[in-house]
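Got a structure here, written out as structure tokens. Questions coming.
The values are calculated or read from the model by the stated rules, or taken from the named source; none is laboratory data. Computed from a predicted structure; not experimentally measured. Don't worry about glycine lacking a Cβ; one is built from the backbone with ideal geometry, like all the others, and counts go over all protein chains shown. Ligands, DNA and RNA are excluded from the accessible area calculation, which covers all protein heavy atoms including side chains. Shrake-Rupley method; radii C 1.70, N 1.55, O 1.52, S 1.80 Å.
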Amino acid sequence: MKPIYFYLLLIFTTVVVQAQEKKFNLLIGTYTKSCDSKGIYVYEFDSNTGDFKLKSNTENIINPSYLAVSSDNKFVYSVSENDKKSSVSAFGFNSKSGKLDFINYQNPNGLNPCYIINDEKNVITANYSSGTISILGKNNDGSIGEVKQVVQHTGKSINAKRQEAAHAHMVYFSPDKKYVLAIDLGTDKVYSYQYNANSATEVLQLKSSFDVKAGSGPRHLIFSKDGKYVYVLQELDGTITSFSYAKGILNKVSETRVVASDFKGDIGAADIHISPDGKFLYATNRGTANDISAFKILKNGKLDFVQRTSTLGKGPRNFAIDPTGNFLLVGHQYTNDIVIFKRDAITGSLTATGTKIELCSPVCLVFTNI
């Protein structure tokens, strides 16, 4: 009987330990000029309970709106949207304490970088105001090197106020890291670049570009978990376009919208993510609605509407789903908070927990391991 007893005890202990270890770091990038923010904040988040506590924050970092964490969890990279003084910064990251130690910054040679990604070799930004993509080298100590390449988008579209010129809004690695997809709100295009990580000057080489509906204003995209589909969210009209994907090539599958058919207000679609199990897609809409829509992902890549619910704040610019899929957190740029929703893994629906993190102008949420 003893071997059985010890075996059952081992199983019980393992389950308890695993349940206790569902805590993650939540990194939050903010705008710092509209209210009292110190820059980047690190919280501990308990994905079993939804509880949180502040661990650390930076000091005197201007508008670190978007963040990226290195694959080894030792470095954090941020953009600083600051017009002609815009920069890209590197920080050493102690995942246990949450402490961020500034390493260096570089000028990306682009105006108002609004998205950032990284791998072992490079840091890449999408620069909204200049309509460019900047590729900067990465050194062995985690610091950012000089600019290797700047890719200039050109063109415009039919919305004279928002699409008078190119406005690069996002860059995103393909799952195999062989391509970088870039979204441009100003030109209504998704660009596919072959990615040559080790090149000194030609890191990105254009393979093709793909049009979305004129005036729709593509903003963010996300890959399906199997890498076979790409979902592009358009800011100006609230459309989600589903594409099949293979080797840098997109082919349109279907379209749906994050707004109801009878919606009359202002549209400002913002962010798009897929649940960790790959079954559900979520997208936020700012403007008049300030809500989030949930869709079930079908086997053919199409989306089936599940729910549309208020985010309980104003300006739901960015959101994140914790790695277990239990909670979805929405950052509100204008009401200065992060509202925590419980997520139903079976239906995909969201229910407000009644708790939120009070924080100045949150615009980027990233979960990492502790």
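In terms of modelled amide H atoms, which long-range or inter-chain residues lie less than 5 Å from the amide H of Asn82?
HN-HN under 5 Å from Asn82: Ser87, Asn112.
Within the set Lys53/Lys177; Lys161/Lys264; Lys148/Lys213; Lys85/Lys121; Lys252/Lys296, which residue pairs have Cα atoms separated by over 27 Å?
Lys53/Lys177; Lys148/Lys213
Something else: If you put +1 on each Lys and Arg Cβ and -1 on each Asp and Glu Cβ, how big is the dipole of the chain around its Cα centre, in Debye rounded to 20?
460 debye
Please compute the per residue accessible area over the range 23-84 with all protein chains in place, 1.4 Å probe, rounded to a whole number of Å². It would help to have the intermediate numbers written out before the result.
Values: 2570 Å² over 62 residues.
Using a 1.4 Å probe on heavy atoms only, each residue of the range 23-84 averages 41 Å².
Please list, ordered by chain and number, the residues whose modelled amide H lies under 5 Å from the amide H of Gln149; skip anything fewer than 5 residues away on the same chain.
Ile135
Any idea what the dipole of the range 89-172 comes to, in debye rounded to 20, about its Cα centre with Lys/Arg Cβ at +1 and Asp/Glu Cβ at -1?
It comes to approximately 260 debye.
Could I ask something else about it? Which aspartates and glutamates, if any, have their Cα less than 19 Å from the Cα of Lys55, not counting same-chain residues under 8 positions apart?
Within reach: Glu21, Asp36, Glu44, Asp46, Asp101, Asp322, Asp337, Glu358.
Apply the Karplus parameterisation 6.51 cos²θ - 1.76 cosθ + 1.60, with θ equal to phi minus 60°, to every residue of the range 300-311 and state each ³J(HN,Hα) to the nearest whole Hz, in sequence, with x for glycine and proline.
8, x, 6, 10, 10, 4, 10, 7, 9, 9, 4, 8
Could I ask something else about it? State the answer as a single residue: which of Phe341, Phe223, Ile158 lies farthest towards the positive end of the charge dipole of the chain, with beta carbon charges of +1 for Lys and Arg and -1 for Asp and Glu, about the Cα centre.
Ranked along the dipole, the leading option is Phe223.
Taking only protein heavy atoms and a 1.4 Å probe, what accessible area per residue, in Å², does the range 243-306 have with all protein chains in place?
Result: 46 Å² of accessible area for each residue.
Rg/Rh for the chain: what does it come to with C-alpha atoms and Rh from Kirkwood?
Numbers: Rg = 20.5 Å, Rh = 21.0 Å.
Radius of gyration relative to Kirkwood radius: 0.97.
So which of Lys225/Lys302; Lys74/Lys247; Lys279/Lys342; Lys23/Lys356 end up more than 19 Å apart by C-alpha?
Violating the 19 Å limit, Cα to Cα: Lys74/Lys247.
What Kirkwood radius, in Å to one decimal, follows from the Cα pairs of the range 246-370?
Value: 15.0 Å, from the Cα pair sum.
Which value results for Rg/Rh of the range 83-160 when Rg is the Cα radius of gyration and Rh the Kirkwood radius based on the inverse mean 1/r?
1.06
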